[in-house]
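See structure below.
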Amino acid sequence: MTTTYQLFIDGRWRPASDGATLPAINPYNQEVHATIPVATAADVEEAIQAARRAFDQTWSKTTPGERAKLLNKVADLLDADASRMALLETTDNGKVIRETSSQMGYAARIFRYYAAWADKMHGDVIPLDQKDTLDLAIKVPYGVVACVTAWNSPVAILTNTLPAALAAGNCVILKPSEHASTTTLEMARLCEAAGFPAGVVQVVTGAGEVGAALTGSTLVDKISFTGSPGVGRLIAAKAGANLKPVTMELGGKSPNIVFDDADFDRALIGALAGIFGATGQTCIAGSRLLVQRGIYDRMVEGLAARAKQIVMGDPRDPATEMGTAANEPQFAKILSFIEAAKGDGARLVAGGGRAEGPGLDKGFFIEPTIFADVRNGMKVAAEEIFGPVLSIIPFADEDEAVAIANDTPYGLASGVWSENISRCLRMMRSIQSGVVWVNTYRVAAPQAPFGGMKDSGFGRVRGEAGIQEFMQTKNVFIDFSGDKRDPFSMKF
């Protein structure tokens, strides 16, 4: 049985204006489990106009406490519906249930975190040279915000931006990936049930044309995008033409660096989790493992042996450790990278193709794949794969590790494994990435800002920085002298 979804525009659920739809396909068994509407340009325009009205007439007049109450209500509803939401996301994109279940709880936590920020975005009273003038610098929302999200972790990525934007006082139009839209639509149901006014939270679904209509509008005041650098450049160009601010998270090719004085067993586990967690379909994947030569062979052998033990199967089964590629285009892309690495001379030590076995025949399963003796210039090490493919690169010392780590256009995340705290601090300062994990990997917290450098994007989500992204400063001068001044004598 399939579920038929509709667009959520101006507080109403309705089909696309021309009736167009697309199928939502379970990447585990290739079954259609839902039907998604494909919004037209007219539908997108209607959503933008509804958001504008909602902001001008209703949402801009709410108090921080009222916004906080609604955000906390969404968190309560999400907690109550977490099991169903996790199963739906697993069905939609093949991520294992143990991870989607955790992400639903984390999403509720972020809603509560930003609910608490709603009434704490204080302005400043600024002392001036003019003794009879009061100066106030206050924080105000942008107005209408477009949030374009990705298919790999729809709810987690959505909650990086939606609750912060709402807490700041903006109206939000969500555009999820056409490859995984169902849980974003379900999140809109939760916002509706929580009592958000019509037009404050809306969802338009479809492919790139829908996103282009949304992000290219002059009536959208702020854009948040999570996705590839290529699409990010297109959105940034449109935003620049319209003089609209953007926040972008655009992927990575993260170095995970293991020194020979590291706790070997912990580092090995961290390397596995860094690349094979979420089937490698995460922007922070530690896809380049840099290993110091003193432990290089031991690490290669240990990782190859452990990778072959990873349990693959039905992502809905809690025993499954690694699920499928999220969709067919991504599946084909990952396999093409594997073949390119073989052609470039990288040494294959684990995996290397489509996974086969009981229960795997219909799904987009790829073997946990490891290449050793990789050079940083090889395609497998230079380009983001977004799949379970690890490149192991040897290095001699700190200087070489830093040089290899930074020899990439990306700068999102990195890891350092060493028992030498001085070395860790030096590496932390030298690596060009927005996130550095030391003796751990893939750790996140609502309070901790997250974002990249270089081609990995700009701006931050989560933490105080995350809500600041959705506010701007308005300055107010108040003259209380009562004097009638000559306007041409004003001093600046």
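The values are calculated or read from the model by the stated rules, or taken from the named source; none is laboratory data. What you see is a predicted model; the values in this text were computed from it and never measured. We place every Cβ from the backbone using ideal geometry, glycine too, and count neighbours over all the protein chains shown. For the accessible areas, the whole protein counts, side chains as well, though only heavy atoms, and no ligand, DNA or RNA atoms are used. Shrake-Rupley method; radii C 1.70, N 1.55, O 1.52, S 1.80 Å.
Observations
- For segment 272-285, the condition of being touching a residue at least 24 places away in the same chain (Cβ under 8 Å), of a type in the set (Val, Ile, Thr), touching a Leu at 6+ places or on another chain (Cβ under 7 Å) and open to solvent by 10 Å² or more (accessible area, probe 1.4 Å) holds for at least one residue.
- Considering Gly411, Gly452, Gly466, the condition of being crowded, with 21+ Cβ neighbours inside 10 Å, more than 16 Å from Asn256 (Cα to Cα) and in contact (Cβ under 8 Å) with a residue 60 or more places away in the chain is satisfied by Gly466 alone.
- Any hit, segment 439-449, residues being closer than 21 Å to Phe264 by Cα, under 22 Å from the mean Cα position of the chain (by Cα), in contact (Cβ under 8 Å) with a residue 60 or more places away in the chain and open to solvent by 50 Å² or more (accessible area, probe 1.4 Å): yes
- Residue tally, condition among the polar types (S, T, N, Q) and open to solvent by 80 Å² or more (accessible area, probe 1.4 Å), over segment 73-129: 1
- Scanning segment 6-52 for residues that are of a type in the set (Val, Ile, Thr) and open to solvent by less than 60 Å² (accessible area, probe 1.4 Å), we see that the one that is farthest from Leu214 (Cα to Cα) is Thr35.
- In the set Phe276, Phe264, only one residue is of a type in the set (Phe, Trp, Tyr) and under 23 Å from Glu419 (Cα atoms); that residue is Phe264.
- Only one entry of Thr473, Thr408 meets the criterion of being hydroxyl-bearing (Ser, Thr, Tyr) and farther than 23 Å from Ala267 by Cβ, and that entry is Thr473.
- Filter result for Gly351 (within 30 Å of Ser418 (Cβ to Cβ) and either at pLDDT below 95 or buried (at least 20 other Cβ atoms within 10 Å of the Cβ) (or both)): yes
- Taken as a whole, segment 331-348 holds no residue that is acidic (Asp, Glu), part of a loop (DSSP other than H, G, I, E, B) and over 28 Å from the mean Cα position of the chain (by Cα).
- A count restricted to segment 103-156 and to residues that are more than 30 Å from Gln281 (Cβ to Cβ), touching a strand residue (DSSP E or B) at 6+ places or on another chain (Cβ under 9 Å) and hydrophobic (A, V, I, L, M, F, W, C) stands at 10.
- Contact map, segment 378-394: residues that are of a type in the set (Phe, Trp, Tyr) paired with residues that are at pLDDT 95 or above and part of a helix (DSSP H, G or I), Cβ distance under 8 Å, separation 6+ or inter-chain. Pairs shown: Phe386/Gly280; Phe386/Gln330; Phe386/Lys333; Phe386/Ile334.
- Count of segment 397-408 residues which are aliphatic (A, V, I, L, M) and either closer than 23 Å to Gly227 by Cβ or open to solvent by 50 Å² or more (accessible area, probe 1.4 Å) (or both): 1
- Test: Val461 is free of Cβ contacts under 8 Å to residues at least 40 places away in the same chain and either open to solvent by less than 10 Å² (accessible area, probe 1.4 Å) or in contact with a Gly (Cβ under 9 Å, 6 or more places away or on another chain) (or both): no
- Every residue from segment 64-120 that is out of contact with any Leu (no Cβ under 8 Å at 6 or more places or on another chain), under 29 Å from Asp317 (Cβ atoms) and hydroxyl-bearing (Ser, Thr, Tyr): Ser83, Thr90, Thr91, Ser101, Ser102, Tyr106
- Matching residues in segment 308-328 - criterion: being open to solvent by 30 Å² or more (accessible area, probe 1.4 Å) and in contact (Cβ under 8 Å) with a residue 60 or more places away in the chain: Lys308, Asp314, Arg316, Asp317, Pro318, Glu321, Glu328
- Within segment 329-348, restricting attention to residues that are within 16 Å of Asn93 (Cα to Cα) and in contact with a strand residue (DSSP E or B) (Cβ under 9 Å, 6 or more places away or on another chain), the residue that is surrounded by the fewest Cβ atoms within 10 Å (Cβ to Cβ) is Phe331.
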